[in-house]
Every structure is written in C-alpha cells, then in structure tokens.
Amino acid sequence: MTTNTLSRRNFVKGSASALALMSFPGLGFGQTAPKIRLEWQQFKATSHYSSFYNAIRTMRANTKASSRTSWQFWTNVHVNYCPHGLPYFLAWHRGYIYYLEQQLQIVSGDANLTLPYWDYYTNPTIPSEFTDPASNNPLYVPRAGTSVYNALDLSPFAPSVYNFQRGTTNAFEPMIESAPHNPVHNLIGGIMATMQSPQDPIFYLHHANIDRLWHAWALPDGKGIPSSTSSYFSGSFTYAPNLTIAKSKTYYPGWLGYDYANDTKPVVLPPQAKSSSFKMVQAQMTPTLRRPAEGRFATAPGRAISAAARSLGGASNVALSEASVSARLPVQPADLQLLEGVRSAAKGAGAQATTTFKSVKVVADNVTITGAGANGGFFYNVYLNLPDGSDSKAARQKYFLGTLGAFELAGVAHHGSATLEFPATEVLANLDPGALSEVTVSLVRVDGGGAPKGEVMRVGELRVELSTEPPLDPNPPAPRSPSDCYC
C-alpha cells in the first residue's frame, strides 16, 4: 500500500480548510442528548454502516493529502502532533478521533453517524469486514495478524489504580498505553506498527475502544483525573493549524456530545481463541512466569551519562528474536549503594535520599529493527528482577516495566530518538533490599498469529540508569473537591 506523506510545512499550507470543522453544526460542546457510539457488531447492523463504509472509501480515494477530506490528511495529523509515551496521550487522542468522527459525518452527509468501537475484550479477533482482501474493500489493509488476545491485560482496571496521569503512582494513563494499547498495535502489525497507523481503518475502532475504556475506568466520579478546572487541563491541543480543542473539553465524553453503548470495565479475559494459526505464549497458558535464560552479552561499565544521569552498568549488543531473554547487569558495589538510596527514598524508608539521584529507569539505547521486525506481529514484556518462578498476575504487578515492539520503537523514532526509557522507580520501591545484589532485565516475547522468526530487533545497550529527576510530579494537580462532577 502506498501512502501520500506530507511534510509539516505543506500540511500547514493545506489545513486552512480545517476551519470548516470548527463551524460544522455537529460540533457542539455539552450536547444534552449525547450520540451513542456502538460496538462494531451492533454498528454494522445499522443504516450508518454504509455511511461509514462509503465515507472511508471516498477519503481513501482522495490523493490530495492537504485536503481534510482525504484519509492521509488525518494520518498526517497523527504523525505531526500525536503524543506517545508522553502526557495527554489519552486526552489528545480523544479530541483526534472526535474530529475524525465529524469529518466522516461531513463526507457521508450522515449527521448522525458515530465512530464505532471494537471491544476486543469481548471479540479479540479483528472483525471480518476488515480482513476481506477484495480490491474494493476500503476497510482492508495488509496486516501481520488478526488476533489481539495476547495484548489483553486487566491490570489498568485493578482497584488499586486510582491516579491518572504520568508522574503519579498507580496511574491509569501509562498503564493502559503499555497494555492493551501498544500491544494491539504490535500484534496487528503492518502499518499499525508505525506512526502512519491511522492509514489502517481499524486504528479508529481501536482508539475508540481505548477512549471507552478510559471513560469506563473513570466512572462514576472521575477517580484521580485532575478536575476540569485544574491547571492540568489549561491550554489546548493542536491537530492542524486552525484546528484545536481546549484540553478541558476532553475531560468528559459527554462534553463532546457522545457516550458509549457499554460503559463497563472488563473484569475477565475472553475465552481462549482456538485457531491453528494462533499460538499462545507459555506465560499466557500457565499461571507461572519464569525468568528467561540469560544471554551472553558484552558488558558496559557504570559511568556518568550526563550531569543528571548515571548508568549502573549495561549489556551491549542485545539481539532479540523469538526466544525470550534476560540480561544481568554488572552493577558495582558503590553503585548498588546509590541504587539502594533511591529505593529507600522511594519506599519512604528514609526521610531523604542519600544521593542526589531521585529516580531510576531502564534504558534501551540505540535500538534498531529488522525488516521482518518492522512488520510487527510480536512484542516483548519488559521486567526488572523477575523471579525464576512467579505467579503471572503477581509478577505483572510487581516487576513489569512496559512493552517493547515495533510500534514503541516507531513512536520514539518519531520524536527524534532511537532510545526507549522505562520508568522503574515504582517497581524498585517494591523490591526487597536483598534483591538488589543483582539487577536483571528480562524481555519476555509475546506473539500474535503472524509473528516473525529470527532476529527482529537489536539493542545497542540495555542499562539501568539513575536520574536526578524526581520520580513523581513535584507539582501535582490539586485534589478533586467535593463539588467537582465527572458528568
């Protein structure tokens, strides 16, 4: 599939027409009777299915990327402005799919058309309408896999998850981005594993579901989301020149005039998919998760990375394939004392940290990907000091750092770097002091139906790094007052 990419400069020139969206009659904040977004299986039985289908066909046929009525225009919005692994990941995308929904209404002439969502916690296989390779099917693009069962995770919906934004403990936004959001991109693969992912129409159903899950988690009182009047929601999001939205409007779906047919959180995973082409990883098949065997990697010594960061040691030239692998990092005694100082401070065991370092992270530096790896179909769960044998749910809660795959790499390369950072202070705080005598990073491979074999990625250096940055936001938004209403 060819794509018509557009530089930011040309995108700016051609986006004045986006002003039409701002004056579209459906763009009414605070509608009293919200439109209801339906799950795909319900949606396809309505009269709006043909509007959706034909609007996408029309937009994909428009090759003028500067036109808001082209599919590539909205892909370029994502490429040029989206935040991944950054604050406002959820809120920015809420406004993004909202504006795309408005555009579908304009193109189709159906003012009541709503964007459907794909509830993969109920149906983890891509709907068949998106996998029919007929040449005239606008919903089809080539993909690495069609099942996202192995991307699903209930951790973001645990009772302990109360806070919302990055920089706070037990925070929903970074958790749901790590899983299921990123793994869904990875296991579908193809263009979904890149920043051009909105080229795949399933992208919008995926993000509508992520948006729905955020809303379901927040009900009934907004939990730890900063109130809409907090400084956290000051300012606006940009999608194109002259196409913005106040951050505060993304606080609650009803303020954008929509709700979902199902506002409940998932509490169980769907039944196991049974397909000869789909292979479950052992970590998903049994309740026990074991530490992968250690690879033989050259070591990098502890050293100053900058005035604000120090490496405690690393493993060099780490090749990643279909086999899970662990890397033991050579931490020197003096550096272990620094690490223990950060752990004690994060745990609250001491009034002050014994060093200027305040936080710790695992860094995958100078990451490259092979052609087969770039097509996706897999990802790695990253753990710190994973025991040799542990209950998988407990291990997820105590040792899990995040995910690494083609999509995560595309996201950081998109921001001008080939380095991924996994905040580890919260995990470190939960470890016993004796566990710091060795520091091991484990990468557990998770496959979908179209996973490649052989080397897929290579990490120039995998290291544990101390930072002078505080682990938590030093100026968190003010707590919600009793008068605030998530409604």
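Overview of results
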| read-out | value |
| --- | --- |
| The range 387-418: number of residues that are at pLDDT 95 or above and among the β-branched types (Val, Ile, Thr) | 1 |
| In the range 289-316, residue surrounded by the most Cβ atoms within 10 Å (Cβ to Cβ) [restricted to those that are outside any loop (DSSP other than H, G, I, E, B) and free of Cβ contacts under 8 Å to residues at least 12 places away in the same chain] | 303 |
| Matching residues in the range 130-160 - criterion: being among the charged types (D, E, K, R) and loosely packed, with under 15 Cβ neighbours inside 10 Å | 132 |
| Extreme residue, farthest from the chain's Cα centre (by Cα), among residues of the range 41-63 that are in a loop (DSSP other than H, G, I, E, B) and without any contact (Cβ under 8 Å) to a residue 60 or more places away in the chain | 47 |
| Only one of 183, 159, 198, 174 that is of a type outside the set (D, E, K, R), in a loop (DSSP other than H, G, I, E, B) and either without any contact (Cβ under 8 Å) to a residue 12 or more places away in the chain or assigned by TED's automatic domain parsing to the domain that holds residue 80 (or both) | 159 |
| Single residue of 6, 21, 38 found to be under 28 Å from residue 144 (Cα atoms), at pLDDT below 95 and crowded, with 16+ Cβ neighbours inside 10 Å | 6 |
| Residue that is nearest to residue 153 (Cα to Cα), among those in the range 375-395 that are surrounded by fewer than 20 Cβ atoms within 10 Å (Cβ to Cβ), touching a residue at least 60 places away in the same chain (Cβ under 8 Å) and out of contact with any strand residue (DSSP E or B) (no Cβ under 8 Å at 6 or more places or on another chain) | 393 |
| Some residue of the range 247-257 being among the charged types (D, E, K, R), under 16 Å from residue 83 (Cβ atoms) and modelled with pLDDT of 95 or more | yes |
| Verdict on residue 431 being under 30 Å from residue 225 (Cα atoms) and buried (at least 23 other Cβ atoms within 10 Å of the Cβ) | no |
| Selected residue (criterion: surrounded by the fewest Cβ atoms within 10 Å (Cβ to Cβ)) from residues of the range 161-183 that are among the aliphatic types (A, V, I, L, M) and within 13 Å of the chain's Cα centre (by Cα) | 175 |
| Condition check for residue 311: hydroxyl-bearing (Ser, Thr, Tyr) and at pLDDT 90 or above | yes |
| Leading residue by the ranking (modelled with the lowest pLDDT) among those in the range 338-380 that are within 22 Å of residue 300 (Cα to Cα) and not hydrophobic (A, V, I, L, M, F, W, C) | 340 |
| Test result for residue 326, closer than 22 Å to residue 150 by Cα, buried (at least 18 other Cβ atoms within 10 Å of the Cβ) and out of contact with any helix residue (DSSP H, G or I) (no Cβ under 7 Å at 6 or more places or on another chain) | yes |
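The values are calculated or read from the model by the stated rules, or taken from the named source; none is laboratory data. The structure presented is a predicted model; accordingly, all values stated were derived computationally and were not measured. Heads up, the Cβs are rebuilt from the backbone with ideal geometry, glycines too, and the neighbour counts pull from every protein chain shown.
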